[in-house]
Amino acid sequence: MSALSSHRSWISHAKKTLWLTCVGLVIAWSLWLLYAKLRTEVAADPAARELLDAGGFWLGLKIIAESIGRSIGDVPAAGYFMAALSALLAYTALAWYDRIALIHLNRHREISWPFIAACSFVTYALGHNLGASVLSGGLVRLRAYGACGLSPVEVAILVALCSFTFAYGTVLLMGFVFVFHPEVVQPLTALVPTLDLPPQAIQLVGGVLIGLCALYVLGSWRRFKPVHFRSVHIVYPRLHVVTRQLIAGPLELTAAAGIIYFVLPEAGNPGFITVLGAFLLSFSAGLLSQTPGGIGIMEAVFLAVLPTVAPSDVIAALLIWRLMYLLIPLAVSLPLVVAFERAQLRRA
């Protein structure tokens with residue numbers, strides 16, 4: 001029995017090591033692709049090309065950083081203002097995720113909106129930055145909502161429903177982007193050759209995604225029987241819960257993509273739908289890979305999907321997005337965690 005347990009432990013460790021190695025290779029490849037594109041852009045200036053040819057890797061990084069810094073400085077104040085409003089709207093919608101789950105559990109009357117907003121804010125600020133958002137988000141919510149009287153099972157349902165709301169919004173928006181703007185996938189064939197599909201096939205995939213979302217609404221409306229999978233029982237939420245999910249999920253994702261859209265330059269800007277499509281594809285890939293903030297992966301996808309925008313402007317927009325959507329919320333969330341724990345100690 002001990003040998004069998006040791007063998008299983010070794011297999012589990014090997015799988016984890018293999019997965020982390022693959023993720024690391026993907027990040028390294030994405031960062032190198034990013035460096036190559038930025039170096040090519042900077043080298044368009046003859047004087048900069050001479051410096052790049054004469055210097056080494058670190059000088060190249062310095063020149064590239066200066067180029068990105070100029071792009072960040074060129075963003076107008078109105079762009080920063082609209083991006084900040086988009087970030088605020090995105091985190092408001094994320095708090096709505098928790099509220100919707102509490103409505104499903106019929107526990108929303110016991111917990112105030114400010115507490116829900118603070119808990120959701122800390123959850124997503126930590127999850128987006130640290131990776132493994134379901135695990136880290138579950139721990140934060142278990143601590144916070146447990147103090148409000150929710151059982152571990154209720155917190156697990158809340159985490160699952162919040163994750164589903166995000167996934168539902170992603171699938172729904174991606175379906176509409178594929179149907180009405182299928183050409184957004186074509187530039188990605190350089191990264192993933194298997195995506196070299198005709199527009200009709202992309203539209204068909206989009207139609208299937210929208211159909212799945214519609215089936216979920218129909219199941220809630222017509223009260224389909226619960227889905228049983230071994231010991232897991234999936235019950236369709238009530239229609240008023242699904243209606244809220246139908247709004248909250250797309251709202252959060254649209255607002256998050258708006259942060260990037262509003263700080264991109266007008267020259268070469270392909271429009272909001274293309275930016276939204278790039279964001280959905282890259283952010284989802286980043287979450288699936290569990291890389292903190294989707295580092296490297298988002299840059300590679302955006303550079304491929306937005307070829308008409310200068311690479312330094314794309315990277316500048318993504319840096320501003322990381323600042324407003326990831327780093328500032330993380331900095332604000334840490335004092336909230338300390339204040340909550342101090343309050344719990346006083347209460348104890």
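Brief remarks follow.
- Matching entry among 260, 328 (being surrounded by 22 or more Cβ atoms within 10 Å (Cβ to Cβ), in the same structural domain as residue 169 (by TED's automatic domain parsing), closer than 28 Å to residue 116 by Cα and of a type outside the set (Gly, Ala, Ser)): 260
- Among the candidates 246, 251, residue that is out of contact with any Ser or Thr (no Cβ under 9 Å at 6 or more places or on another chain) and touching a residue at least 60 places away in the same chain (Cβ under 8 Å): 246
- Those helices (runs of 4 or more DSSP H) of region 234-348 in which 1 or more residues are within 12 Å of the chain's Cα centre (by Cα) occupy 239-263, 272-289, 297-305, 311-322.
- Residue selected from region 225-257 under the condition crowded, with 17+ Cβ neighbours inside 10 Å and polar (S, T, N, Q), by the criterion farthest from residue 100 (Cα to Cα): 254
- Some residue of region 307-322 being surrounded by 20 or more Cβ atoms within 10 Å (Cβ to Cβ), polar (S, T, N, Q), in the same structural domain as residue 187 (by TED's automatic domain parsing) and modelled with pLDDT under 90: yes
A quick yes/no check of all residues on (1) assigned by TED's automatic domain parsing to the domain that holds residue 337; (2) at positive phi; (3) surrounded by 17 or more Cβ atoms within 10 Å (Cβ to Cβ); (4) of a type in the set (Val, Ile, Thr):
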| position | (1), (2), (3), (4) |
| --- | --- |
| 66 | no, no, no, no |
| 84 | yes, no, no, no |
| 87 | yes, no, yes, no |
| 93 | yes, no, yes, no |
| 100 | yes, no, yes, yes |
| 104 | yes, no, yes, no |
| 109 | yes, no, no, no |
| 117 | yes, no, yes, no |
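- Residue 333 within 18 Å of residue 126 (Cβ to Cβ), modelled with pLDDT of 80 or more and not acidic (Asp, Glu): yes
The values are calculated or read from the model by the stated rules, or taken from the named source; none is laboratory data. All values reported here derive from a predicted model rather than from experimental measurement. Note that each Cβ is placed from the backbone with ideal geometry, even for glycine, and that neighbours are counted across all protein chains shown.
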